[in-house]
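Peer 1: What follows is a structure written as structure tokens; I'll ask about it next.
The values are calculated or read from the model by the stated rules, or taken from the named source; none is laboratory data. Just so it is clear, the model here is predicted, and its values are computed rather than measured. Glycine gets a Cβ as well: all are built from the backbone with ideal geometry, and neighbour counts include every protein chain shown. All accessible areas refer to the heavy atoms of the entire protein, side chains included, with ligands and DNA or RNA removed. Shrake-Rupley method; radii C 1.70, N 1.55, O 1.52, S 1.80 Å.
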Amino acid sequence: MSVHCGSDAVEQLLLALADDEFVASQRYAEWVTVGPTMEEDNVLSSIAQDEMGHARLWYEFLEDDQSLDAIGYNRRPDERRNSVLVETEHTDFADTIVINFLYDTAEQQLLETLCAGAHEAIARRANTILTEEIFHREHAEQWLARLVSTAEGRHRLRNAFERLLPRSADLFSFEPAITNQSAELIGIPFDELRDQWFKTVDETIDSLPIEVSDGALAAAGSPPEHNGRTGGHTADLTQLLDSIHAENLPKDHPASGYHA
Amino acid sequence: MHIEENTLSIEDRLANEEIIELGDPLTDEYRDLLCGIIQFTANSEFMGAFTEREWIPRAPSYQRKLALIAKNQDEIGHAQMQYQLAENLGRDREEMLTSLLAGNTGFGNAFHYPADEWIDIGLLAWMLDGAAMQLQHSLMDTSYGPYARIMRRVCREEEFHIRHGEHIIREYATGSRAKRERLQAGVDRWWPRAVMFFGLSDDQSEKSKRMVELGIKPKSNDELRQQYFDTYVPKLRKYDIEIPDENFYYDDAAEKWQYTAPDWEEFNTIVSGNGPKTQQRLDRRRTAFEDTAWVREAMVAYNEDEKASRFTNSGSINTIN
């Protein structure tokens, strides 16, 4: 990828954010027509559509002479830089809401720093995305409040936090090239941003009538077991990317040939 | 003047070319037939999205994936609006959904078949949504005002879906030999289903006749089918696609298209819940419904808590009583 918007580090950061959006969208789209209510089907498919559009916004900004399919569709798992949190398969609605909450809280913070940044073209895009992401976060918060209204809801939500907090540890664990330049890129060190994120997450969980273990919370703030930001993904991402590349497509489709 | 109008029977009001509105007195027959077609079109939107969802992960390019998600989001929205319309007429949402899942209310014949190839998704959007569009377009003139207004919005969005389908068709029609062959094979599969979509001929369908008389269905099954041929035959020819019916031609004397009578036995088997994919899709949806029951229970509990706390917060009500 050639230098196009300042530095390689900027491009690497934006690519990671784009991959987050792309992978998150694909997972949300798995909820189309199987959500708890028709209203929620509508919202989840709308979020999936937003995220796929946001990812395109970044990919197109970065693509230069590559096609959208080459950069967005056909990169292999080890080339992807999304957080392992968003690649996690979520078929329990409690998992969906917890990922929605943890990821969109982080994303909102990252976008806000980009909006305040010096690079105008990036700030403009970040701002466009942010206006929609705010609704995504509200969606998560509304559901957290609703789901704790029954014992089963509290139980499932607690399990979801236990399972997913450790997988959110890589949200701000970018490669050294990016981290070293955080002052120029986003104005503050990523560690500080992570602390802000952790405080919000901790306070939100604290406000809910559920007991999440200290271990799970601590794991969210510790070095990640799998770090998607450096290409260390879980089997979930391989499964997700494999599902994109249907093997019975005619050979001249962009998504064909991935398995070759 | 207004009061006098309301005392007229529905037939008289229709003869005066009046539009029926929410809250007007309805006969049981009118309400039942109206709710029947609304549930059919709502179910079809929903099951259409349900059929296409399998291809969202596998869509063969980024732009196609984005278009397919957008399309499905629209369809869910259309279904939701139409179920709401039936709710306003006294139907219960949960009952409508369970009756769909139990196979007691129908949905478009196309969504009972497999969509194993990407070209099936293209043809569903172009040829089958195109068939549904003839019906939807005619419903913009239905005698029930709220339904007509929703159909105006639905048709506006469906235009985009059909265009998305046509892009796929054009890609195949102008593509490699392998693609052109897959396209023709796809049309061979879907053409008879599109012809059947409109239902039995008018002389065989008492219900359809009655719906036309009550202005619920402004056009008859056969009229819509002929209109579909008028629109799609030139399109198919433009893309060099053969119509897989050797008895198909325009009869100048009769001023209509002649075609091989559809296999109504197959049609009845399919729409009564015995299509190749009917039960598998309904099963999947039933599982989803059961798996998410706890979410709906939490919603109910939350709404009750909210109501209770509103009541306590406005405590004066208690003291007055």
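Peer 1: Name the residues in region B:275-311 that are among the polar types (S, T, N, Q) and under 13 Å from B:Leu101 (Cα atoms), would you? Steps first, answer last, please.
Peer 2: Keep residues of region B:275-311 that are among the polar types (S, T, N, Q), which gives B:278-280, B:287, B:292, B:303, B:309.
Once the filter is applied, which keeps residues that are among the polar types (S, T, N, Q) and under 13 Å from B:Leu101 (Cα atoms), region B:275-311 yields B:Thr278, B:Gln279, B:Gln280, B:Thr287.
Peer 1: Filter region A:241-260 down to the residues that are open to solvent by 10 Å² or more (accessible area, probe 1.4 Å) and in a helix (DSSP H, G or I), then identify the one that is nearest to the other protein chains (Cβ to nearest Cβ).
Peer 2: A:Ser243
Peer 1: Now for a different question. Step by step: first the residues of region A:145-165, then only those that are more than 10 Å from chain B (Cβ to nearest Cβ) and among the aliphatic types (A, V, I, L, M), then the one that is surrounded by the fewest Cβ atoms within 10 Å (Cβ to Cβ). Which residue is that?
Peer 2: Among residues in region A:145-165 that are more than 10 Å from chain B (Cβ to nearest Cβ) and among the aliphatic types (A, V, I, L, M), the one surrounded by the fewest Cβ atoms within 10 Å (Cβ to Cβ) is A:Leu164.
Peer 1: Cβ-Cβ under 6 Å, sequence separation 6+ or interchain: first residue in region B:297-308 and within 7 Å of chain A (Cβ to nearest Cβ), partner in a helix (DSSP H, G or I) and surrounded by 12 or more Cβ atoms within 10 Å (Cβ to Cβ). Which pairs?
Peer 2: Filtered contacts from region B:297-308: B:Ala298/A:Arg146; B:Ala298/A:Leu147; B:Ala298/A:Gly153; B:Met299/A:Arg146; B:Tyr302/A:Arg146.
Peer 1: Within region B:52-88, track down each residue that is within 14 Å of the chain's Cα centre (by Cα), open to solvent by less than 10 Å² (accessible area, probe 1.4 Å), facing chain A (nearest Cβ under 9 Å) and more than 15 Å from A:Ala48 (Cβ to Cβ).
Peer 2: Matches in region B:52-88: B:Ala79, B:Tyr83.
Peer 1: Another question, if that's okay. List the helices (runs of 4 or more DSSP H) that sit entirely inside region A:168-230 and contain at least 2 residues that are modelled with pLDDT of 95 or more.
Peer 2: Result: A:190-207, A:214-220.
Peer 1: Would you please list the contacts, defined by Cβ atoms under 6 Å and residues six or more apart or on different chains, that run from a residue in region B:277-291 that is farther than 11 Å from A:Pro36 by Cα and away from every other protein chain (no Cβ under 11 Å) to a residue that is part of a helix (DSSP H, G or I) and of a type in the set (A, V, I, L, M)?
Peer 2: B:Leu282/B:Leu101
Peer 1: Here's something else I'd like to know. Please state which of the following conditions A:Asn82 fails to meet, knowing it meets all the rest: (1) surrounded by fewer than 20 Cβ atoms within 10 Å (Cβ to Cβ); (2) on the phi < 0 side of the Ramachandran plot; (3) away from every other protein chain (no Cβ under 11 Å).
Peer 2: The number of the failed condition is (1).
Peer 1: Something else: Considering only region A:111-129, state which residues are in a helix (DSSP H, G or I), open to solvent by 20 Å² or more (accessible area, probe 1.4 Å) and free of Cβ contacts under 8 Å to residues at least 60 places away in the same chain.
Peer 2: Result: A:Glu112, A:Cys115, A:Glu120, A:Arg124, A:Asn127.
Peer 1: Another one. In region B:131-158, which residues are in contact (Cβ under 8 Å) with a residue 12 or more places away in the chain and among the charged types (D, E, K, R)?
Peer 2: In the first step, residues of region B:131-158 are kept if they are in contact (Cβ under 8 Å) with a residue 12 or more places away in the chain; the result is B:131-148, B:150-155, B:157-158.
Answer for region B:131-158, where residues must be in contact (Cβ under 8 Å) with a residue 12 or more places away in the chain and among the charged types (D, E, K, R): B:Asp141, B:Arg152, B:Arg153, B:Glu157, B:Glu158.
Peer 1: Out of everything in region B:112-166 that is within 13 Å of the chain's Cα centre (by Cα) and β-branched (Val, Ile, Thr), what residue ends up being least open to solvent (accessible area, probe 1.4 Å)?
Peer 2: B:Val154
Peer 1: On the phi > 0 side of the Ramachandran plot and at pLDDT 95 or above: is that true of B:Gly77 in this structure?
Peer 2: The answer is no for B:Gly77.
Peer 1: Right, next: So which residues in region A:214-240 are among the aliphatic types (A, V, I, L, M) and more than 10 Å from every other protein chain (Cβ to nearest Cβ), if there are any at all?
Peer 2: Selection gives A:Ala216, A:Leu217, A:Ala218, A:Ala219, A:Ala220, A:Ala235, A:Leu237.
Peer 1: Just checking, which of B:Pro192, B:Pro218 is more than 14 Å from every other protein chain (Cβ to nearest Cβ), at negative phi, in a helix (DSSP H, G or I) and open to solvent by 40 Å² or more (accessible area, probe 1.4 Å)? Reasoning before the result, please.
Peer 2: Working: B:Pro218 fails: in a helix (DSSP H, G or I).
The conditions single out B:Pro192.
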